[in-house]
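**Student:** Shown below is the structure under consideration.
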Amino acid sequence: MDILIRQQACRIYTGGRNFDRNLPCVVLIHGAGHDHSVWNNQARHLAHQGFGVLAPDLPGHGSSQGTPLPSIDAMADWLLEMLDALGVAQASLVGHSMGSLIALAAAARATERVKALILVGSVAPMPVAPALIEAAASTPARAHAMINQWSYSPAAQLGASASPGTSLLDINLRLMERQAAGVLASDLRACNSWTEGLARAADIHCPTLLISGERDQMTPARAVKPLCAALVNAAGGARMITVAGAGHAMMAEAPDAVSDAIRGFLRT
Amino acid sequence: MTQTGLFGAETLALHAGQTPDATHGSRATPIHFTTSYVFPDADHAAALFNLERPGHVYSRISNPTNAVLEERIAALEGGVGAIAVASGQAALHLAVTTLMGCGGHIVASRSLYGGSHNLFAYTLPRFGIQTTFVDPRDAEAWRAAIRPETRLLFGESIGNPALDVLDIPTVAGIAHAAGLPLLVDATLVSPALQRPFELGADLVMHSATKFIGGHGVAVGGLLVDGGCFDWEASGLFPTLTEPYDGFHGMDFAEESPVAAFLLRARREGLRDFGACLSPMNAFQILQGLETLPLRMRAHVDNTNRIAAHLAAHPLVEKVAYPGLDAHPDHELATRLLPDGCGAVLSFDLKGGREAGRAFIGALRLFSHLANVGDAKSLVIHPASTTHFRMTAADLAAAGIGEGTVRLSVGLESSADLLTDLDRGLHAVGKLNKA
Ligand SMILES: Cc1ncc(COP(=O)(O)O)c(C=O)c1O
């Protein structure tokens, strides 16, 4: 569906079911240079299992108008406005990579509105290699190649794709190429400069899950641990799940494992 | 070939899309000879139908062996995915019917495989889809033929059998300026010699029956989605940008901006038209695909030698092969086909139709049959076989003379092939003297 937020059309994918605000709401937040379609499988699964799903294209991404917001805090503000615009009082937030920082920032700010927090492929802080930011700004094709190299497990780099007949790496390239010039660089800078993650983590009181890929080179499982430890106030203590064999692009590489982890956590 | 992704083409041809099977460790791709797949439980079954979980349900829609072939060709072409179908013709039909229905219009090169020409000129009009054929070298003609109801531009990388090189960047530019996609039939070049998506094409089809299989044992087709075309921005493709009652009310472009075409083609086209590929054929085509880059180098090598030999022969009027300096598209070919122009060439013998018959009759290694792209060398006389439905004027427009002979050069020793051709030319010499 398309709705207006701040006078700009925003594309929100709802997982193949019409959004129903009376159902428990889950927001799926994509990462840098991406759009909602990274969540296709998980969104459809949750939407068919009793959740109201909102997977927005962030401003300036995918089919949403505007320019990319310059900081994680600005993106978190926008996300909460999206919930206002849809009359959603409370939601669980699920974010991947940059999206996980947005989810963390939003949850720290609006503690009463966030029912549960799930951080997928997440580390905080999230320093981005200067070479990658530079490439994203000057020669996007080089940046896209670096991202593909680091985002997929060694096995997934050659296939076989979990989705029959598709080439996951080419899908990711096309998705990144489709974003307007400068979007990826802007997103990566936003990730790089948001250094408050560990401090904000202490403000999180809701149940929190970290999902990491065993073969993730972008946000390696060992680098997730400090964030997990910083989530000291998360209800019941932050939990961590490692997806066997998967790289950073785990929603595409291991769609069922990620869907099951999210749904299992939200049901508890 | 230049490498654009993480792996070179030779590696992708052997590995892409397959990991050794988890149960038995089989290194080769297993042939999944099954129509259907057991659901672990009722919830999983429902989830597969709702596309909540990826997986196989029924082999008309997808099959694990076919999926390896699909993923491998997608990786080789640099596309987001592919659909394996029963033949090259089925791939073309699937592309057309995914994009348009009754009232649609296609602009196509007039230099096409005869079967494709039949489909456009005679069969699709019966279903309300019209085609305008244009001289593929005439950019203005492509542009001028586009109408409000046009939904597709179509041409062959190298036209069969006139061997004209499609200026993909130019035709793609014309298509995109009109909000239309360009479909390229890359059968004669294969991804080992050209990657049409990098040149601007939006969709690619192959008759896998030809060089991709390479062995001449299995008929099959492949349709590859480049994932670049913006269906929403075009606004001309309601099949991809409006909810489809026939499949979960899905708006394919919203569902997957980069793979909308692929999704609809599989979920509607394979489901309803049903031109699926047998997993046995998929396996056989995979066996060929493994050595495609190696074979294409050898094909090109032999073809260059034969083209030069024929061009220098006094009994040969002219040779059509873009690899030759004299070919009108030679300069274009050096840009678009730097690794070679494939293994199909045609030439006109002095002496017309009778000379053609005498030539073919004298050959021993070249098999006289209606195919191209076999590892074995092939020969045919298009005017009396593949293109026999075309009028003399249409034939001439497609660059085919009464005495045109088409060769598909195989992988035999080039010396033996030259000896065989000389045998045929000797027969023509005797005929012409008599
Ligand atoms: C260029 C080209 N395209 C398409 C086809 C049709 O393929 P198939 O015979 O696999 O249906 C052929 C077959 O000769 C061909 O040469």
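Please treat every number below as a calculation from the coordinates, not as lab data. Everything numeric here is computed off the predicted structure, so don't read it as measured data. Methodologically, a virtual Cβ is constructed for each residue, glycine included, from the backbone with ideal geometry; neighbour enumeration extends over all protein chains shown.
**Student:** At what distance in angstrom do the alpha carbon centres of the stretch B:192-233 and the stretch B:301-329 lie from each other?
**Tutor:** Each part's Cα centre sits 27 Å from the other's.
**Student:** Here's a follow-up. Can you put B:SER384, A:SER37, B:SER59, B:SER414 in order, fewest other beta carbons within 10 Å first? All intermediate terms of the calculation are to be shown ahead of the outcome.
**Tutor:** Working: B:SER384 12, A:SER37 24, B:SER59 20, B:SER414 17.
Starting with the residue having the fewest Cβ neighbours, the order is B:SER384, B:SER414, B:SER59, A:SER37.
**Student:** Just from its helices, what would the mean residue ellipticity at 222 nm be for chain B, if runs of 4 or more DSSP H residues each count -39500 (n - 2.57) and the sum is divided by every residue, rounded to the nearest 500 deg cm²/dmol?
**Tutor:** -10500 deg cm²/dmol
**Student:** While we're here: Which is farthest toward the positive dipole end of the stretch A:12-105 among A:VAL27, A:PRO68, A:GLY15, measuring Cα position about the Cα centre, with Cβ charges +1 (Lys, Arg) and -1 (Asp, Glu)?
**Tutor:** Checked the options; the winner is A:GLY15.
**Student:** Pairs of lysines 8 or more apart, or on different chains, with alpha carbons under 15 Å: count those in the protein assembly as shown, would you?
**Tutor:** Values: B:LYS210/B:LYS376; B:LYS318/B:LYS350; B:LYS350/B:LYS430; B:LYS350/B:LYS433.
Lysine pairs meeting both conditions in the protein assembly as shown amount to 4.
**Student:** Taking the simple approach of a point 7 Å from Cα along Cα-to-Cβ for both A:LEU198 and B:LEU6, what is their distance in nm?
**Tutor:** 3.0 nm
**Student:** Further question on the same structure: Rounded to the nearest 0.05, what FRET efficiency do B:ARG297 and B:THR419 have when you use their Cβ-Cβ distance and R0 = 25 Å? Write down the numbers at each step before the final one.
**Tutor:** Values: r = 22 Å, r/R0 = 0.89.
Efficiency for this residue pair is about 0.65.
**Student:** Sticking with this one: Take B:ASN118 and B:ASP325, extend 7 Å from each Cα along the Cα→Cβ direction, and tell me the distance between the two endpoints in nm.
**Tutor:** Here the answer is 4.1 nm between the modelled labels.
**Student:** A follow-up question, please. Considering the zone a paramagnetic label at B:HIS215 would reach in this model (a point 7 Å from Cα along the Cα-to-Cβ line), which residues of the stretch B:372-386 have amide N under 18 Å from it?
**Tutor:** B:372-377
**Student:** State the Kirkwood hydrodynamic radius of the stretch B:1-56 in Å, one decimal place, computed from all pairs of distinct Cα atoms.
**Tutor:** 14.4 Å
**Student:** Something else: Find the all-direction average of the projected area of the Cα convex hull for chain B, expressing the result in square nanometres with one decimal place.
**Tutor:** Orientation-averaged projected area of the Cα hull: 20.9 nm².
**Student:** Here is a follow-up. How many times 2.2 N^0.38 Å is the alpha carbon radius of gyration of the stretch B:316-434?
**Tutor:** Against the compact-globule rule of thumb, the ratio is 1.06.
**Student:** Cα centroids of the stretch A:167-196 and the stretch A:45-70: how far apart, whole angstrom?
**Tutor:** First find each Cα centre; the distance between them is then 15 Å.
**Student:** I've got another one for you. What does the charge dipole of the protein assembly as shown about its Cα centre add up to, to the nearest 20 debye, if the Cβ of each Lys and Arg holds +1 and the Cβ of each Asp and Glu holds -1? Show your work: numbers first, answer last.
**Tutor:** Details: 50 positive and 64 negative charges, 186 e Å.
Taking the Cα centre of the protein assembly as shown as origin, the dipole is about 900 debye.
**Student:** Taking R0 as 22 Å, what FRET efficiency do you get between B:ARG305 and B:ARG335 from their Cβ-Cβ distance, rounded to the nearest 0.05? Don't skip to the answer; put the middle values down first.
**Tutor:** Numbers: r = 23 Å, r/R0 = 1.04.
Result of the calculation: an efficiency of 0.45.
**Student:** Something else about it: Check which residues have an amide H placed less than 5 Å from A:ALA9's amide H, if you skip close sequence neighbours.
**Tutor:** A:GLN65
**Student:** Find how many whole Å separate the alpha carbon centroid of the stretch B:420-434 from the alpha carbon centroid of the stretch A:82-111.
**Tutor:** 81 Å
**Student:** A follow-up question, please. Taking the stretch B:129-191, which GluC sites (Glu not before Pro) meet the DSSP loop condition and have no more than 15 other C-beta atoms within 10 Å? Could you put the intermediate results ahead of the total?
**Tutor:** Working: sites: B:GLU140, B:GLU149, B:GLU156; in loops: B:GLU149.
Listed in order of number, the matching sites are B:GLU149.
**Student:** Next up: In terms of the ratio Rg/(2.2 N^0.38 Å) built on C-alpha atoms, what value belongs to chain A?
**Tutor:** Numbers: Rg = 16.7 Å, N = 268, 2.2 N^0.38 = 18.4 Å.
Normalised Rg, Cα atoms only: 0.90.
**Student:** Return one number: the angle in degrees, 0 to 90 and rounded to the nearest 10, between the long axis of the Cα atoms of helix B:414-433 and the longest principal axis of the Cα atoms of chain B.
**Tutor:** Taking the Cα atoms of chain B, the angle to B:414-433 is about 50 degrees.
**Student:** If you place +1 on the Cβ of every Lys and Arg and -1 on the Cβ of every Asp and Glu, how big does the dipole about the Cα centre of the stretch A:2-266 come out, in debye to the nearest 20?
**Tutor:** Details: 18 positive and 20 negative charges, 49 e Å.
For this selection, approximately 240 debye.
**Student:** Can you work out the base-10 log of I(q)/I(0) for the stretch B:1-102 at q = 0.22 1/Å, using the Debye formula on its C-alpha atoms alone?
**Tutor:** With one equal scatterer per Cα and no solvent, log10 I(q)/I(0) is -1.26.
**Student:** Say R0 is 56 Å: what FRET efficiency, to the nearest 0.05, do B:THR385 and A:TRP150 get from their beta-carbon distance?
**Tutor:** Once the sixth-power term is evaluated, E becomes 0.55.
**Student:** Which net charge results for the neighbourhood of A:GLY66, defined as the other residues with beta-carbon distances under 15 angstrom from its beta-carbon, given Lys and Arg at +1 and Asp and Glu at -1?
**Tutor:** Numbers: positive: A:ARG6, A:ARG11; negative: A:ASP2, A:ASP35, A:ASP57, A:ASP77, A:GLU81, A:ASP187.
Net charge in that neighbourhood comes out at -4.
**Student:** Kindly put B:PHE388, A:PHE51, B:PHE7 in sequence by how many other C-beta atoms sit within 10 Å of each C-beta, fewest to most.
**Tutor:** B:PHE388, B:PHE7, A:PHE51
**Student:** Same structure, new question: Along Cα→Cβ, 7 Å out, is where each label goes; now give me the distance between the ones at B:ALA396 and B:ASP272 in nm to one decimal.
**Tutor:** 4.3 nm
**Student:** Let me ask something else. How do A:ASP35, A:ASP203, B:ASP41 rank when sorted from fewest to most other Cβ atoms within 10 Å of their own Cβ?
**Tutor:** On the way: A:ASP35 26, A:ASP203 14, B:ASP41 8.
Lowest count first: B:ASP41, A:ASP203, A:ASP35.
**Student:** Where does the Debye-calculated log10 I(q)/I(0) of the protein assembly as shown sit at q = 0.06, 0.07, 0.10 Å⁻¹, using only Cα point scatterers of equal weight, no solvent?
**Tutor:** With no solvent term, the Cα-only Debye profile gives -0.38, -0.50, -0.93.
**Student:** Taking every pair of distinct Cα atoms and averaging 1/r, then inverting, what Kirkwood hydrodynamic radius in Å comes out for the stretch A:70-158?
**Tutor:** Numbers: mean 1/r = 0.0677 Å⁻¹.
Hydrodynamic radius (Kirkwood, Cα only) of the stretch A:70-158 equals 14.8 Å.
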